[in-house]
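A.B. asks: The structure follows.
The values are calculated or read from the model by the stated rules, or taken from the named source; none is laboratory data. On a predicted model such as this, the values are computed, not experimentally measured, just so you know. All Cβ positions, glycine included, derive from the backbone under ideal geometry; neighbour counts span all protein chains shown.
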Ligand code: SF4
């Protein structure tokens, strides 16, 4: 059997942390390598989470450095590349940081060995996350009922492969209803997503078995295995399950998610709201919301000052204002007021988990999963 690597990237966020625990408990026969891409500018809470995970998993989480840090004065890969870019700060439209600090080191870490990369996209999310361009890497999504990436589903459900799909199904031992759906061509009135969902609704494990057999005739890394235990898995894990995995394992949620109270005056009354950080990644990440910058200012003041230091020569983390402007008391009060009113609109009083989910909507799958 060809050598196939199994890897799982730990971003410091809740989903990848929970996935590592899930994989180690549910599929102990898989020798999964864990890695983290360290920008050198993460929150201490992220490093603490990685330490706790190492104890729980009983395995080292391999630290990928984007550059050789031995000759870099403060040991930060981010600062090294920032110097190379002449102080030009990354942004959502020019995200050189993700490429240089996460994607490039990942690709050189795996080399050309066929690799299965487990990704913590949840069953209640509608996205695929980062898919490597390398043919030798295949992403698998164990938290979703549909564990396969879009390209795999597209291939195995293509009209071109329909006869082969049906022949594998017959070999495995079909199910009349499943076979009836499988016989339908993809068309304008029966699109791929409908066919996929219909088959998964009838029998997810049967679908996985057919896909596994078909992949054996391709170069996909999963097809090189004799046995792939995730084929037998039809679970669909959503947000509550992720928090439960972390709490029940003793690892706990990353500390920066924990809500902290703030006070703000609204129409002469003092109101109490709660803020936290919604994502892992660099403490100065440009994806964070205004209220998260306020959280950084008030709970990690040193880091806020360091983030301010980066704003030089007309570059800033946000288009709309600099961190110096955001730090003014009246501006902070305004941001808290807006946040408080948004969170309590129509007396909704959103839970802190809801707030995290809302805030994490936008961002980078490599840094925050
Ligand atoms: S966390 Fe934000 S700033 Fe850091 S590498 Fe990721 S996208 Fe860039």
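A.B. asks: Could you list, in sequence order, all residues of the stretch 27-61 that are closer than 18 Å to residue 116 by Cα and either within 16 Å of the ligand (Cβ to nearest atom) or in contact with a helix residue (DSSP H, G or I) (Cβ under 8 Å, 6 or more places away or on another chain) (or both)?
C.D. replies: 27, 29, 30, 32, 34, 35, 36, 37, 61
A.B. asks: Another one. Considering the stretch 229-246 alone, what residues qualify as being surrounded by fewer than 19 Cβ atoms within 10 Å (Cβ to Cβ) and under 18 Å from residue 46 (Cβ atoms)?
C.D. replies: Selection gives 243 alone.
A.B. asks: Scan the stretch 307-328 residue by residue and report those that are within 25 Å of residue 261 (Cα to Cα), surrounded by fewer than 14 Cβ atoms within 10 Å (Cβ to Cβ) and in contact (Cβ under 8 Å) with a residue 12 or more places away in the chain.
C.D. replies: 324, the sole residue that qualifies.
A.B. asks: For the condition more than 29 Å from residue 206 (Cβ to Cβ) and at pLDDT below 90, what is the one hit in 113, 93?
C.D. replies: 93
A.B. asks: For residue 86, only one of the following conditions fails: (1) within 15 Å of the ligand (Cβ to nearest atom); (2) more than 19 Å from residue 106 (Cα to Cα). What is its number?
C.D. replies: Here residue 86 clears every test but (1).
A.B. asks: Filter the stretch 202-228 down to residues that are within 23 Å of residue 26 (Cα to Cα) and surrounded by fewer than 14 Cβ atoms within 10 Å (Cβ to Cβ) and give me whichever is nearest to the chain's Cα centre (by Cα).
C.D. replies: It comes out as 205.
A.B. asks: Same structure, new question: Looking at the stretch 19-26, can you tell me whether even one residue there is modelled with pLDDT of 95 or more, within 11 Å of the chain's Cα centre (by Cα) and not assigned by TED's automatic domain parsing to the domain that holds residue 288?
C.D. replies: yes
A.B. asks: Does any residue of the stretch 106-118 turn out to be surrounded by fewer than 19 Cβ atoms within 10 Å (Cβ to Cβ), outside the structural domain of residue 216 (by TED's automatic domain parsing) and within 16 Å of the ligand (Cβ to nearest atom)?
C.D. replies: There is at least one residue in the stretch 106-118 that is surrounded by fewer than 19 Cβ atoms within 10 Å (Cβ to Cβ), outside the structural domain of residue 216 (by TED's automatic domain parsing) and within 16 Å of the ligand (Cβ to nearest atom).
A.B. asks: Given the options 153, 184, name the one that is over 22 Å from residue 26 (Cα atoms) and either touching a helix residue (DSSP H, G or I) at 6+ places or on another chain (Cβ under 6 Å) or buried (at least 19 other Cβ atoms within 10 Å of the Cβ) (or both).
C.D. replies: 153
A.B. asks: Another one. Checking the conditions here, which among 321, 330 is over 21 Å from residue 92 (Cβ atoms) and out of contact with any strand residue (DSSP E or B) (no Cβ under 6 Å at 6 or more places or on another chain)?
C.D. replies: 330
A.B. asks: Additional query: Restricting attention to the stretch 282-313, which residues are in a loop (DSSP other than H, G, I, E, B) and more than 19 Å from the chain's Cα centre (by Cα)?
C.D. replies: Correct list: 300, 310, 311, 312, 313.
A.B. asks: Would you please name the residue that is farthest from residue 37 (Cα to Cα), looking only at residues in the stretch 260-281 that are part of a loop (DSSP other than H, G, I, E, B) and touching a helix residue (DSSP H, G or I) at 6+ places or on another chain (Cβ under 6 Å)?
C.D. replies: In this case the residue turns out to be 276.
A.B. asks: Can I ask one more? For the stretch 23-51, how many residues meet the condition of being buried (at least 17 other Cβ atoms within 10 Å of the Cβ) and farther than 19 Å from residue 5 by Cβ?
C.D. replies: Of the residues in that region, 10 qualify.
A.B. asks: Give all pairs with beta carbons closer than 7 Å in which a residue from the stretch 92-104 that is within 16 Å of residue 35 (Cα to Cα) meets a residue that is within 8 Å of the ligand (Cβ to nearest atom); count only pairs at least 6 apart in sequence or on separate chains.
C.D. replies: 98/364; 98/366; 98/367; 101/39; 101/78; 102/366; 102/367; 103/366
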